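Enquirer: Have a look at this one.
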Amino acid sequence: MEIKQVGVVGCGQMGSGIAQVCAQAGYQVVVSEVNEEFLNKGLSSINSSLTRSVEKGRITRQDKDSVLSRIRGTTKMKDFGNCDLVIEAVTENLDLKKKTFAELDKTCPKSAILATNTSCLSIIEIAMATTRPGKVLGLHFFNPAPVMKLLEVVKTIATSQETLEVGKSFGQSLGKTVIVAQDAPGFIVNRLAVPLMLNAIRMVEAGVATAEDIDAGVTLGLNHPLGPLSVADLVGLDTLYFIANSIYEELKDPQFAPPVLLKKMVAAGWLGRKTGKGFHEYK
């Protein structure tokens, strides 16, 4: 199956990045939002990202214009009617995702593959909102999508081998390194990374060490580019709390139970980089 036109549902932080990556790889892209205000904000984010790449000499101004010409914004689900692949990047809410997939199932060609960018929710539950579960899989991009080199391709028990192969080839065409995971809580990366972040939070909570020293220990002692608490701030502490809770609900494994300190920081609105304060402070 040849992918020519890609749809992206959601033009927020992840959706806009995914749309940009697809357009930079040469695909025609349709990206949607619930209203014009959110759509314009997302498209502006793409423009700003490409402008920074021009300023840093990574691409030319002509390249930027070419990429933008391949992206079309919409607020109408019907505009996905000619897409070969649609990637859903809406809020991490299972009911919302199931509703979105049910609508896409009615709108898109029967040959189209439907993918979700969820980082932790059950993909088979999302797939069963459609009449084509064999053509549904996970394409989990990492934030920021234009920069991060990894793509998790997630196969459910119903995903066909052909759909899996198309998903892998598509990811490689974007210049991503592709890894394949089963539809299990946390997939591969979050299954490994979330306990590390939560344990670092527990160490702060217990007074074992400061956030600064924990992150220094991991960056300089384990050679990670960022410490676990800096990563938590980057992901968003509310997002981390949601992911940890989701995995814990599925597995009942105590290592995924969110620490009390994390819950309190989310309640206080200290969500990390996006609010200027988390385990570290940001201008």
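The values are calculated or read from the model by the stated rules, or taken from the named source; none is laboratory data. Fair warning: this is a prediction, and the values are worked out from it, not measured in the lab. Because the Cβ atoms are built from the backbone with ideal geometry, glycine has one as well, and the counts that use them run over all protein chains shown. In case anyone asks, the SASA skips ligands and DNA or RNA and just uses the protein heavy atoms, side chains included. Shrake-Rupley method; radii C 1.70, N 1.55, O 1.52, S 1.80 Å.
Enquirer: Under the Kirkwood approximation applied to all pairs of distinct alpha-carbon atoms, what is the hydrodynamic radius of region 36-170 in Å?
Expert: Values: mean 1/r = 0.0618 Å⁻¹.
This gives a value of 16.2 Å.
Enquirer: Out of Asn223, Asn93, Asn143, any idea which swings most in a Gaussian network model of the chain, alpha carbons joined below 10 Å?
Expert: Maximum among the listed residues: Asn223.
Enquirer: Relative to the compact globular guide of 2.2 N^0.38 Å, what is the alpha carbon radius of gyration of region 55-109, as a ratio? If you can, show how the numbers build up before the last one.
Expert: Working: Rg = 15.6 Å, N = 55, 2.2 N^0.38 = 10.1 Å.
Against the compact-globule rule of thumb, the ratio is 1.54.
Enquirer: Please list, ordered by chain and number, the residues whose modelled amide H lies under 5 Å from the amide H of Gln5; skip anything fewer than 5 residues away on the same chain.
Expert: Asp84, Leu85
Enquirer: Additional query: What percentage of the solvent-accessible surface of region 158-283, computed with a 1.4 Å probe over protein heavy atoms, is contributed by carbon and sulfur atoms? It would help to have the intermediate numbers written out before the result.
Expert: Working: 3720 of 6490 Å².
Using a 1.4 Å probe with all protein chains present, region 158-283 comes out at 57 percent carbon and sulfur.
Enquirer: Same structure again: Counting heavy atoms of the protein chains only and a 1.4 Å probe, report the per residue accessible area for region 116-172 as a whole number of Å².
Expert: Per residue, region 116-172 has an accessible area of 36 Å².
Enquirer: Right, here's the next one. So how do Met77, Met1 rank on accessible area, 1.4 Å probe, biggest first, that is with the largest at the start? Numbers along the way, then the final one.
Expert: On the way: Met77 50, Met1 95 Å².
From most exposed to least exposed: Met1, Met77.
Enquirer: Give Lys155/Lys176; Lys98/Lys176; Lys78/Lys155; Lys106/Lys149 a once-over and call out the pairs whose C-alpha atoms are over 23 Å from each other. Each step should come with its number before you reach the end.
Expert: Working: Lys155/Lys176 17 Å; Lys98/Lys176 27 Å; Lys78/Lys155 27 Å; Lys106/Lys149 33 Å.
Result: Lys98/Lys176; Lys78/Lys155; Lys106/Lys149 exceed 23 Å.
Enquirer: Assign unit charges at the C-beta atoms only (+1 for Lys and Arg, -1 for Asp and Glu), then state the dipole size of the chain relative to its Cα centre in Debye, rounded to the nearest 20.
Expert: About 540 debye.
Enquirer: Would you grab the residues whose amide H sits under 5 Å from the one on Thr116? Only those 5+ places off in sequence or on another chain, please, with H modelled 1.01 Å from N.
Expert: For Thr116, the qualifying residues are Glu88, Leu137, Gly138, Leu139.
Enquirer: What are the ³J(HN,Hα) values, in whole Hz, obtained from phi via the Karplus relation 6.51 cos²θ - 1.76 cosθ + 1.60 with θ = phi - 60°, for each residue of region 207-223 in sequence order, with x given for Gly and Pro?
Expert: x, 5, 6, 7, 4, 5, 6, 5, 5, 5, x, 6, 5, 8, x, 10, 6
Enquirer: Using θ = phi - 60° and the Karplus form 6.51 cos²θ - 1.76 cosθ + 1.60, what ³J(HN,Hα) does each residue of region 82-91 get, whole Hz, x for Gly and Pro?
Expert: 10, 7, 8, 8, 10, 10, 8, 9, 8, 4
Enquirer: Under 12 Å Cα-Cα from Lys99, which aspartates and glutamates qualify once same-chain neighbours fewer than 8 residues away are excluded?
Expert: Excluding near neighbours in sequence, the set is Glu88, Glu125.
Enquirer: Can you sort His224, His140, His280 by 1.4 Å-probe accessible area, starting with the largest?
Expert: Working: His224 75, His140 10, His280 30 Å².
Largest accessible area first, the residues go His224, His280, His140.
Enquirer: Once Rh for the chain is found with the Kirkwood sum over Cα pairs, what is the Stokes-Einstein diffusion coefficient at 20 °C and 1.002 mPa s, in µm²/s?
Expert: Working: Rh = 19.6 Å.
The calculation lands on 109 µm²/s.
Enquirer: Which whole number in µm²/s is D for region 101-150 by Stokes-Einstein, with the Kirkwood Rh taken over Cα pairs at 25 °C and 0.890 mPa s?
Expert: Reported coefficient: 209 µm²/s.
Enquirer: Given the whole protein assembly as supplied and a 1.4 Å probe, what does the accessible area of Thr60 come to in Å², nearest 10?
Expert: 70 Å²
Enquirer: Near the amide H of Gly272, under 5 Å away, which other amide H atoms are found, from residues 5 or more places off or on another chain, if H is placed in the peptide plane?
Expert: Here the answer is Leu237, Lys277, Gly278, since their amide H atoms fall under 5 Å of that of Gly272.
Enquirer: Extent of region 138-189 along each principal axis, from alpha carbon coordinates, in Å, largest to smallest?
Expert: 31, 24, 11
Enquirer: Let me ask something else. Through the Karplus equation 6.51 cos²θ - 1.76 cosθ + 1.60, θ set to phi - 60°, convert the phi angles of region 148-164 into ³J(HN,Hα) values in whole Hz; use x for Gly and Pro.
Expert: Values per residue, Gly and Pro as x: 5, 8, 9, 9, 8, 9, 10, 9, 8, 5, 9, 4, 6, 4, 4, 4, 4 Hz.
Enquirer: Now for a separate question. Please report, in debye to the nearest 20, how large the charge dipole of region 42-176 is about its Cα centre when each Lys and Arg carries +1 at its beta carbon and each Asp and Glu carries -1 there.
Expert: 300 debye
Enquirer: Straight-line reach from Lys4: which lysines have Cα under 16 Å away, leaving out those fewer than 8 places along the same chain?
Expert: Output for Lys4: Lys110, Lys168.
Enquirer: Any idea what the dipole of region 42-93 comes to, in debye rounded to 20, about its Cα centre with Lys/Arg Cβ at +1 and Asp/Glu Cβ at -1? Intermediate values should be presented prior to the final figure.
Expert: Working: 9 positive and 7 negative charges, 52 e Å.
Dipole of region 42-93, to the nearest 20 debye: 260 debye.
Enquirer: How high is the relative contact order of region 25-75, in percent, with contacts defined as C-alpha pairs under 8 Å that are six or more residues apart?
Expert: Values: 39 pairs, mean separation 32.8, N = 51.
Averaging sequence separation for qualifying contacts and normalising by length gives 64 percent for region 25-75.
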